[in-house]
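Okay, so here's the structure we're looking at.
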Amino acid sequence: MKTNVAVFFGGRSVEHEISVISALQAINAFDKEKYNIIPVYISKQGRWYTGDNLLDIRNYRDLKKVVENAEEVFMRPEYGDYNLYKVNIGMFSKRNPVVAELHVVVPVLHGTNGEDGIFEGVLETIGIPFAGCNTLSSANGMDKITMKMILRECGVPVIDYVWFTDKEWFKKRDELIARIEDKIGYPVIVKPANLGSSVGIGRAANREQLIGKIEIAEKYSSRIIVEHMVDNLKEINCSVLGDCDEYRSSVLEEPIKS
């Protein structure tokens, strides 16, 4: 018997298109002799769709057409109900036809509403097994501010930073600028607190650039973090499989940009 794997992707995030590419790469990597793959595309409006047309990346050139040719579906937020239902009568109705019975979910969602604990909370509510971090670790891991607080509390060195909300920025801009210049100094990196893929991130070498980069970042997040700029940065990736009690780490990888 094959395992029915639902791969969720897309979503209400500025990283929507990146998620589509990642998901199709993941789907193509599955052993089709062992797994039945059910693609579940989440539109930018948050509606769920499935269908074979979602497996061809060329179809995403027209997002309106891609959902018109797919089947709209949903899952009930009922613990133990792993069915994917067709939307045709009334949402959550017992009469909605079952499109597929899912065994496990692989979320391939990027950014807000995807890997920040929100979607993971939906899956935990239903109780279905899924790959990746749980709600708590997803939320903390995605948020650059809370993650730094946790790392520093655990004795892991982190770059000096200043963080604030968009409301604080509008109310006491001069005070925050002075704090950044006094505590960190230029150059700095300005980041939205909870996005990935370098979205909204910018480098500032003086006060004028700092203001401009913060105004860009606050369009993407209500919480902003400003860090000291590290020159000659070396990036190292490490994947971890398991949980807090039993885990394995991968070989360290240094991404090469050219």
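The values are calculated or read from the model by the stated rules, or taken from the named source; none is laboratory data. Here the structure is a predicted model, which means the values were calculated and not measured. Methodologically, a virtual Cβ is constructed for each residue, glycine included, from the backbone with ideal geometry; neighbour enumeration extends over all protein chains shown. Just so you know, the surface numbers come from the protein's heavy atoms only, side chains and all, with ligands and any DNA or RNA stripped out. Shrake-Rupley method; radii C 1.70, N 1.55, O 1.52, S 1.80 Å.
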Of the candidates Tyr60, Pro39, Leu210, the farthest towards the positive dipole end of the chain (Lys/Arg Cβ +1, Asp/Glu Cβ -1, centred on the Cα centre) is Tyr60
Per the helix-only model, the chain has a calculated mean residue ellipticity at 222 nm (DSSP H runs of ≥4, -39500 (n - 2.57) each, divided over all residues, rounded to the nearest 500) of -8500 deg cm²/dmol
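So if each residue of separation counts as 0.36 nm, and I subtract the Cα-Cα distance between Arg203 and Asn134, what length gain in nm does that give?
21.6 nm
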As straight-line cross-link partners of Lys2, the qualifying lysines (C-alpha separation under 17 Å, not fewer than 8 residues apart within one chain) are Lys32, Lys34
Listed by chain and number, the lysines with an alpha carbon less than 25 angstrom from that of Lys65, same-chain partners under 8 positions apart left out, are Lys44, Lys86
Quick calc: nm separation of the 7 Å Cα→Cβ label points for Cys244 and Asn88 -> 4.5 nm
Ordered by number, the GluC sites (Glu not before Pro) in region 1-56 that occupy a DSSP loop and have at most 10 other Cβ atoms within 10 Å are Glu33
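Defining a contact as two alpha carbons under 8 Å apart and six or more residues distant in sequence, what relative contact order in percent does region 185-251 show?
Computed over region 185-251, the figure is 32 percent.
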Heads up, region 50-124 by the C-alpha gyration tensor (a ≥ b ≥ c square roots of eigenvalues; a/c under 1.5 rounded, else a/b over b/c prolate, else oblate) looks oblate
Under the Karplus relation with 6.51, -1.76 and 1.60 and θ = phi - 60°, whole-Hz ³J(HN,Hα) for region 52-61, x at Gly and Pro, equal 5, 5, 6, 8, 9, 4, 5, 5, 7, 5
Counting only DSSP beta bridges fully inside the chain, the antiparallel percentage to nearest 5 is 70 percent
For region 176-258, one quarter of the surface area of the C-alpha convex hull, expressed in nm², comes to 7.7 nm²
Taking only the alpha-carbon atoms of the chain, the convex hull volume per residue, in cubic angstrom, is 181 Å³
Taking the convex hull of the alpha-carbon atoms of region 196-240 and averaging its shadow over every direction gives an area in square nanometres of 4.3 nm²
Trypsin sites (Lys or Arg not before Pro) in region 134-197 lying in a DSSP loop, each with at most 15 other Cβ atoms within 10 Å of its Cβ, come to Lys172
Taking a crude spin-label model, label points 7 Å out from Cα along the C-beta direction, the Ser258 to Glu33 distance in nm is 4.3 nm
The correct ranking of Glu208, Glu254 by accessible area at 1.4 Å, largest first, is Glu208, Glu254
Between Ser22 and Asp81, Cβ-based FRET efficiency (R0 22 Å, step 0.05) works out to 0.20
Region 29-72 -> Rg/Rh from Cα coords, Kirkwood Rh, value 1.01
The long-range amide H neighbours of Val99, using H built 1.01 Å from N in the peptide plane and a cut-off of under 5 Å, are Leu84, Tyr85, Lys86
Expected unfolding gain across Glu124-Ile150 under the 0.36 nm per residue rule, minus the alpha-carbon gap, is 7.0 nm
Rg from C-alpha atoms of region 11-142, normalised by the globular rule of thumb 2.2 N^0.38 Å, equals 1.03
Connecting every pair of Cα atoms under 10 Å apart in the chain and solving the GNM, the largest mean-square fluctuation among Ile216, Ile38, Ile236 falls on Ile236
Cross-link reach from Lys172 to lysines, straight Cα distance under 28 Å and at least 8 residues apart if same chain, gives Lys144, Lys148, Lys183, Lys191, Lys213, Lys219
Binned at 10 Å starting from 0, the alpha-carbon pair-distance distribution of region 110-240 in whole percents comes out as 12, 39, 33, 14, 3
